[in-house]
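One structure is given here, and the rest of the page talks about it.
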Amino acid sequence: MIHCPECGEPIEHEGSEIEKWPYGAKYEIICNFCNLKITVLEDSDGGQSLSY
């Protein structure tokens with residue numbers, strides 16, 4: 001589960017997929033509490049990097 005870096009609320013990882021490649025994917029999610037748009041880069045091992 002991802003926590004919003006702005007307000008700290010948990011976010012279900014149900015974002016829209018922007019790109020998918022053999023070793024991971026890029027998703028865009030929006031926090032339901034503060035409306036922050038977050039881009040999630042996920043690798044094939046489940047590691048995640050957030051940018052906003």
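Tabulated results
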read-out: Residues located in region 1-39, provided they are of a type in the set (A, V, I, L, M), part of a loop (DSSP other than H, G, I, E, B) and either modelled with pLDDT of 90 or more or in contact with a Leu (Cβ under 7 Å, 6 or more places away or on another chain) (or both); value: L36
read-out: Pairs where the first residue, in region 10-30, is closer than 12 Å to E42 by Cα and the second is among the small types (G, A, S), C-beta under 7 Å, 6+ apart; value: E17/A25; E19/A25; Y23/S44; G24/S44; Y27/G15; Y27/S16; E28/G15; E28/S16
read-out: Flag for E42 being surrounded by fewer than 13 Cβ atoms within 10 Å (Cβ to Cβ) and either part of a strand (DSSP E or B) or of a type in the set (F, W, Y) (or both); value: no
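The values are calculated or read from the model by the stated rules, or taken from the named source; none is laboratory data. Being a predicted model, the structure only gives us computed values, none of them experimental. Glycine also receives a Cβ, built like all others from the backbone with ideal geometry; neighbour counts cover every protein chain displayed.
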